[in-house]
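The next block holds one structure in the form of structure tokens; read it before the comments.
Every number in this text was worked out from the coordinates using simple rules, so none of it is lab data. Since the model is a prediction, treat every value here as computed from it, not as a measurement. Don't worry about glycine lacking a Cβ; one is built from the backbone with ideal geometry, like all the others, and counts go over all protein chains shown.
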Amino acid sequence: LLDEEIRWKLQKLREAKRAALKKKQESLVSAPQEGPPEKPSPLKVASKMVGSKPLKVQVVKQYSRPKAMVERWQVQGGLLEPCPPLFVQEIKPQEIVEGQRCVFSCLFHGRPQPTVTWYNNDKPVGRIQGTAVHTTGCCSMLTFPSVLPQHGGTVTCVIFNPLGTVSTSAGLHVRQRMPAYKYTKKEKEAMKVEEKKEEEKVKKEEREKEE
């Protein structure tokens, strides 16, 4: 009888343990699974720090430079801003004697590099014979190796690039060369007489020295 009573108590105890384990498993299955605590977003934290009203934050997807900043000209040594052409030193008026050499020069600036064109009396210099143009960097020169009367008038230099056009003008006054003086027949005869007198005088002085 004692053994049967012990077996019965052990069986009841096992059944109770099974029931408790089953109940615990059912409660775990039915209860929602909680994950690790979520970190609050920066916007929520900021709104709590400032006050009850949430902060308005504007999200910029992509930054784009202004068009003026994008349009730069690549040159040796780095990026430089474009600028319209301008004269640093304009051409000056000149007065020259016919047949002499004459040079007009100017200094300019601009980016991109301006194109230079010279005019003489509104006519492109390239079509005028006896003229030469030499342009290097920011300096340009127009040369008349031998000035002629038809060159007299106005000299103009025009520079331009995609951002603008400017010009400078100056006058060129050509003076006529004085013609060589022509002696008359009487003047030539008088000169010969004077020369003979001078020769006789020199000879006389030499004789006196010898004596």
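For this structure, a couple of remarks:
- Extreme residue, positive dipole direction of region 83-175, given options His134, Ser169, Pro145 (C-beta unit charges): His134
- Residues whose amide H comes within less than 5 Å of that of Gly164, counting only those at least five positions distant or on another chain, are absent (H built at 1.01 Å from N in the peptide plane).
- Cα→Cβ-extended label distance, 7 Å offset, between Met191 and Trp8, nm: 17.4
- Net charge over other residues, Cβ less than 14 angstrom from the Cβ of His109 (K, R count +1; D, E count -1): -1
- Amide proton proximity set for Arg175, modelled H, under 5 Å, gap of 5+: Ile96, Val97, Glu98
- The H on the amide N of Ser140, modeled in the peptide plane, is under 5 Å from the matching H of Cys106, each at least 5 residues off or on a different chain.
- For the pair Lys123 and Leu148 in one chain, pulling the backbone fully straight at 0.36 nm per residue adds 7.5 nm over the alpha carbon distance.
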